[in-house]
1. Being of a type in the set (A, V, I, L, M) and closer than 24 Å to residue 79 by Cβ narrows it down to one of 30, 22, so name that one.
2. Working carefully through the options 134, 239, find the one that is closer than 19 Å to residue 107 by Cα and crowded, with 18+ Cβ neighbours inside 10 Å.
3. Please list, ordered by first then second residue, the pairs with beta carbon atoms under 6 Å, 6 or more apart or interchain, first in the range 1-17 and touching a residue at least 24 places away in the same chain (Cβ under 8 Å), second surrounded by fewer than 17 Cβ atoms within 10 Å (Cβ to Cβ) and β-branched (Val, Ile, Thr).
4. Mind checking which residues of the range 66-78 are farther than 23 Å from residue 119 by Cα, surrounded by 13 or more Cβ atoms within 10 Å (Cβ to Cβ) and not β-branched (Val, Ile, Thr)?
5. Please work out which residue is farthest from residue 99 (Cα to Cα), limiting yourself to the range 148-161 and to residues that are surrounded by 12 or more Cβ atoms within 10 Å (Cβ to Cβ) and without any contact (Cβ under 8 Å) to a residue 40 or more places away in the chain.
6. With the structure loaded, tell me whether residue 126 is touching a Phe, Trp or Tyr at 6+ places or on another chain (Cβ under 9 Å), farther than 25 Å from residue 200 by Cβ, touching a residue at least 40 places away in the same chain (Cβ under 8 Å) and not small (Gly, Ala, Ser) or whether it fails that test.
7. Which members of the range 120-131 meet the condition of being open to solvent by 10 Å² or more (accessible area, probe 1.4 Å) and not aromatic (Phe, Trp, Tyr)?
Amino acid sequence: MIDAGISATTIRKFLKTIDVSVQTIMGVLVTHNHTDHIKGLEVLTRKNHIPVFTTSNIWKSILSLNVNISTDCIREIPLQQKFHLAGFDIEAFRVFHDAPETIGFHICAGEKKITIVTDLGNICTTAAPYIRAANLLVIESNYDEEMLKNGSYPHFLKNRIKSDHGHLGNLQTSAFLADIINDDLRYICLAHLSRNNNTPESVIRTIQKTFSDRGIKLKRNQMVSVLKRNVPSEVITLAD
């Protein structure tokens with residue numbers, strides 16, 4: 001499981017809809033200490049004793065918030081070094097965001113590669129190779145630039161969101177995807193859309209226009225989708 005930003009009760013309910021028991025979860029990988037990524041962590045570890053994997057710096061930042069995690073569940077992982085969990089080879093890599101430390105994950109099972117990277121203000125040289133290598137990519141497209149500009153947020157918050165340590169906008173994400181699209185990248189999942197400054201329609205429209213302007217046509221086996229906010233998205237299987 002990547003992050004636990006909703007309540008443990010809701011996590012269990014959503015897992016049940018895909019016939020997965022929480023008891024079968026062998027680890028939670030945590031990207032950073034913001035509440036929308038760790039909300040359910042305390043209850044999950046207390047009731048189910050699931051080990052939680054993240055870097056030393058992120059652990060310090062989580063525990064500084066008085067989140068009560070049993071020491072038996074704490075697992076520290078290095079940056080850019082593979083570790084093995086539940087049949088997967090996993091690498092964590094640093095990204096730029098306004099948390100004490102934020103990471104993405106590159107997850108491999110044989111030749112199949114998944115990269116999950118949300119909450120980042122720019123795509124740095126460290127993150128880019130992991131993103132380029134993915135067969136399935138989960139990447140944020142947080143805000144529509146015009147909606148944010150004309151919205152009700154105060155200027156300091158708009159500037160924080162747009163900064164290199166904030167979030168990716170639709171135009172940024174679309175341009176990067178156009179740069180890196182390749183035959184091995186089968187699934188692109190757009191995530192972490194702002195409730196107030198974005199819509200799924202805006203994301204898809206921006207990507208379609210960017211790809212069209214560059215003459216990019218997706219192949220039949222390539223799919224772009226927007227992950228839903230409050231309900232589970234469809235299950236994706238990386239099959240040959």
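1. On the way: 22 fails: closer than 24 Å to residue 79 by Cβ.
Within the list 30, 22, the selection yields 30.
2. Values: 239 fails: crowded, with 18+ Cβ neighbours inside 10 Å.
Checking each option against the conditions leaves just 134.
3. From the range 1-17, the pairs are 8/43.
4. Result: 73, single match.
5. In the first step, residues of the range 148-161 are kept if they are surrounded by 12 or more Cβ atoms within 10 Å (Cβ to Cβ); the result is 148-149, 151, 153, 157-158, 160-161.
Among the residues that remain, those that are also without any contact (Cβ under 8 Å) to a residue 40 or more places away in the chain are: 149, 157-158, 161.
Numbers: 149: 23, 157: 15, 158: 17, 161: 13 Å.
Ranking the candidates gives 149 first.
6. For residue 126, the condition - touching a Phe, Trp or Tyr at 6+ places or on another chain (Cβ under 9 Å), farther than 25 Å from residue 200 by Cβ, touching a residue at least 40 places away in the same chain (Cβ under 8 Å) and not small (Gly, Ala, Ser) - is met.
7. If we filter the range 120-131 for residues that are open to solvent by 10 Å² or more (accessible area, probe 1.4 Å), which is where we start, we get 122-126, 128-130.
Answer for the range 120-131, where residues must be open to solvent by 10 Å² or more (accessible area, probe 1.4 Å) and not aromatic (Phe, Trp, Tyr): 122, 123, 124, 125, 126, 128, 129.
Here is a yes/no grid of residues against (1) under 28 Å from residue 236 (Cα atoms); (2) touching a His at 6+ places or on another chain (Cβ under 8 Å); (3) surrounded by 12 or more Cβ atoms within 10 Å (Cβ to Cβ):
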| site | (1), (2), (3) |
| --- | --- |
| 25 | yes, no, yes |
| 34 | yes, no, yes |
| 47 | no, no, no |
| 58 | no, yes, yes |
| 61 | no, yes, yes |
| 64 | no, no, no |
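The values are calculated or read from the model by the stated rules, or taken from the named source; none is laboratory data. If you're wondering where the values come from, they're calculated on a predicted model, not measured in any experiment. Note that each Cβ is placed from the backbone with ideal geometry, even for glycine, and that neighbours are counted across all protein chains shown. Surface accessibility is based on the protein's heavy atoms, side chains included, excluding ligands, DNA and RNA. Shrake-Rupley method; radii C 1.70, N 1.55, O 1.52, S 1.80 Å.
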